[in-house]
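Every read-out reported here was derived from the displayed coordinates using simple, explicitly stated rules and does not represent laboratory data. None of these values were measured; they are calculated from a predicted model. Backbone-built Cβ (ideal geometry, glycine too); neighbour counts: all protein chains shown.
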Amino acid sequence: MTRTDIIRRLRAAGIDNPENEALILISEVCSISVEKIIRDRDTDYCHPALTQALSRREQREPLQYIIGKWPFCSEIYFVSPDCLIPRADTEMLVYHAAEKLPPGAYFADLCTGSGCIAISILAKRPDCSAIAVDISRGALNLARKNAILNDVEDRIQFYEHDLLCDTEYFLPPDRTFDAIISNPPYVKSTDIDKLAPELAYEPRIALDGGADGMAFYQLILLKWGKYLKSDGFFLFETGFDTAAKVKKLAEALNLDCAIEKDSGGNQRMAVIKDIPGGCHEP
Ligand SMILES: C[S@@+](CC[C@H](N)C(=O)[O-])C[C@H]1O[C@@H](n2cnc3c(N)ncnc32)[C@H](O)[C@@H]1O
């Protein structure tokens, strides 16, 4: 099976960028450099593991789960069907936080999944420390491995916790955060089955944001404000159609909300703070 055969099969399966994916599959599964694969155009790769990986991809299993790791910001993350695959869209939260957190900051990453947001911030900011919370034990196990892989394990504590429950019993008394950051589940429950076939392999709880996609934003703003320092900020990833609703919700709680766009001009991030001199009474 040559690279051209693999590209043809991926294209027939409806994969968007078959050339790129063929290179990644061959390189990762057969441990061959991309340069060598490109140079040796007509090589026949008769590797059983590659045949198996290609069939999985033809079934639209995400490439990231097949190879088991994926880059995010400047770090590499282990990924499995226990966690959402880290997306390039989410990197803007990391860059914003790494720039705006004060020296020695302590922050919370709610709905941490693979841990990518907290870990990449900590990798950029060696003076900071964090807690990371998720309901999924499988995701937290991966996140712990990712913290070790990226050498930040001494500055992060992981908690298995259902954010929809009442008590944050695990929080140290009187500790408050410089930032509360989250990429929560925000797909409307009724939209999940309309998404690309690859999404069916990702954990449903990582996507399902309730009837209007707003359940987690509402809950975090209402319940976690008391854990935020007065000059701290909430930082959320938003969906294309949730940004305006998040802003409305924040403003109804007397908070200031700035929506920021990604490089494609889509509204993808909300930065929420107390209005100076205003009254924040969630
Ligand atoms: C959209 S994913 C984000 C993962 C990661 N932060 C990222 O950006 O790639 C949302 C995460 O929320 C977690 N989650 C879902 N429901 C939860 C709940 N009730 N309490 C805590 N975490 C929850 C899921 O397990 C999943 O890891």
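Things to note:
- Value of [θ]222 nm, deg cm²/dmol, for the chain, DSSP H segments ≥ 4, -39500 (n - 2.57) each, nearest 500: -10000 deg cm²/dmol
- Range of Cα positions in the chain per principal axis (Å), largest first: 68, 40, 32
- Tail beyond 16 Å, pair distance distribution of the range 3-59 (Cα, percent): 33 percent
- Cα centroid separation, the range 245-264 to the range 24-60 (Å): 44 Å
- Distant alpha-carbon pairs in the range 1-156 (separation over 29 angstrom), percent: 31 percent
- Relative to the longest principal axis of the Cα atoms of the chain, the long axis of helix 137-149 makes an angle of roughly 80 degrees.
- Fewest-first sequence of Asp109, Asp174 by Cβ atoms within 10 Å of each Cβ: Asp174, Asp109
- Crossing angle, helix 91-100 versus the chain [Cα axis fit, 0-90 degrees, rounded to tens]: 40 degrees
- The range 180-263, Rg to Rh (Cα coordinates; Rh as Kirkwood inverse mean 1/r): 1.00
- Between the range 226-242 and the range 145-161, the C-alpha centres lie 22 angstrom from each other.
- Beta bridges per DSSP with both ends in the chain, % antiparallel, nearest 5: 45 percent
- By other beta-carbon atoms within 10 Å, ranking Cys116, Cys128, Cys257 with the fewest at the front produces Cys257, Cys128, Cys116.
- Annotation: the residues Leu140, Leu219, Leu249, sorted from fewest to most other C-beta atoms within 10 Å of their own C-beta, follow the order Leu219, Leu249, Leu140.
- Cα-based reach from Lys226 at 21 Å (exclusive), listing lysines while leaving out same-chain residues under 8 positions away: Lys100, Lys247, Lys248, Lys273
- Acute angle (nearest 10 degrees) that the helix 215-224 long axis makes with the longest principal axis of the chain, alpha-carbon atoms: 40 degrees
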